[in-house]
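The values are calculated or read from the model by the stated rules, or taken from the named source; none is laboratory data. Bear in mind that the values here come from a model prediction, so they are computed numbers and not experimental data. No Cβ is skipped: glycine too gets one built from the backbone with ideal geometry, and neighbour counts run over all protein chains shown. Side chains are part of the model used for accessible areas, which takes the heavy atoms of the whole protein and leaves out ligands, DNA and RNA. Shrake-Rupley method; radii C 1.70, N 1.55, O 1.52, S 1.80 Å.
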Number of protein chains: 2
Amino acid sequence: MTDNIMREPSETLRSVSSQRLEAQWVVGFVDGEGCFYVGINLQPEMKVGYQVLPEFTVVQHERDIQLLYALKQFFGCGVVRSNHAERMAYRVRGTRHLRERILPFFEMHPLKSKKRQDFLKFRRILLLMERGEHLTTEGVERIRAIASKMNTGRER
Amino acid sequence: MTDNIMREPSETLRSVSSQRLEAQWVVGFVDGEGCFYVGINLQPEMKVGYQVLPEFTVVQHERDIQLLYALKQFFGCGVVRSNHAERMAYRVRGTRHLRERILPFFEMHPLKSKKRQDFLKFRRILLLMERGEHLTTEGVERIRAIASKMNTGRER
């Protein structure tokens, strides 16, 4: 057996186990399945009484869990967790990862669906948080006003 | 005003009104939102008693109807129709369009999700139909057996 023949199977395996995604595929898939969400939760331990929790998620039936891992690899951040029933989610919550990985990608590769409007509000909120506005009562109200206009026009 | 300045607004309008889609965006969007389906309906007027109806659909909230028209333009076939409630569907039913437009595209640009398995069964059924197998009782049973294994592992 030559070295070349020895090498073939492992390369085949590698291409099967880690799908390489193209930017436009990611945009199309997120236009369909992605969600930009900002939770505002009661949090008595914080001075303003609320915690602002932005997250980017892509939910998928567990049969396609490999795509969620491919997204995790593509963005270089986030986690894959079970969602509910047979559904899994790829999720990015850290504001630094959201600001440094998720925002620049969708700024450079705009979503084509109305989900882009949600993304732009999500971005505004992350920029307000970068300035510390989520730590003031006025800032939280401002964020709440923006968040309340996100994810409308979907199935409830 | 120079010609250049005159030309600008109309070009801006054009790019807004007819979104040009890239192949990988279409693959990603269909991985999320597309459906390959083969209906087998009682049809007493036909000799074998059944009509085989393959269709490719992409369903979307009406707020993103422009994406469905962009898909119609991209594939150069199909119709955009209301689905139910506030949902609209892009749909291709004609077997010639399915064979000549839809199959070659997804053969050249493979789906990355398990929906590819549905596509491959859909393709097998269309090739059986091309040979007229849907017009014989044995052929319909063969098609029914393949179709019964499609679209499993989704929400019911």
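If you filter region A:94-108 down to residues that are open to solvent by 70 Å² or more (accessible area, probe 1.4 Å) and more than 22 Å from A:I40 (Cβ to Cβ), you find that the one that is nearest to the other protein chains (Cβ to nearest Cβ) is A:M108. Exactly one residue among B:R91, B:R144 is in contact (Cβ under 8 Å) with a residue 12 or more places away in the chain, of a type in the set (D, E, K, R), within 25 Å of A:V30 (Cβ to Cβ) and surrounded by 14 or more Cβ atoms within 10 Å (Cβ to Cβ), and that residue is B:R91. In region B:26-70, how many residues are at the interface with chain A (Cβ under 8 Å from one of its Cβ atoms), hydrophobic (A, V, I, L, M, F, W, C) and out of contact with any His (no Cβ under 9 Å at 6 or more places or on another chain)? The number of residues fulfilling the criteria is 4. B:R131 falls short on exactly one of the conditions (1) at pLDDT 95 or above; (2) surrounded by fewer than 19 Cβ atoms within 10 Å (Cβ to Cβ); (3) under 20 Å from the mean Cα position of the chain (by Cα); (4) of a type in the set (K, R), and that condition is (3).
Among the residues of region B:109-128, the one identified as surrounded by fewer than 16 Cβ atoms within 10 Å (Cβ to Cβ), in contact with a Lys or Arg (Cβ under 9 Å, 6 or more places away or on another chain) and in a helix (DSSP H, G or I) is B:L127. For region B:50-62, the criterion of a residue being in contact (Cβ under 8 Å) with a residue 40 or more places away in the chain and aliphatic (A, V, I, L, M) is satisfied by at least one position. Answer yes if at least one residue in region B:73-88 is among the acidic types (D, E), open to solvent by 40 Å² or more (accessible area, probe 1.4 Å) and out of contact with any Asp or Glu (no Cβ under 9 Å at 6 or more places or on another chain), and no otherwise. No, every residue in region B:73-88 fails to be among the acidic types (D, E), open to solvent by 40 Å² or more (accessible area, probe 1.4 Å) and out of contact with any Asp or Glu (no Cβ under 9 Å at 6 or more places or on another chain).
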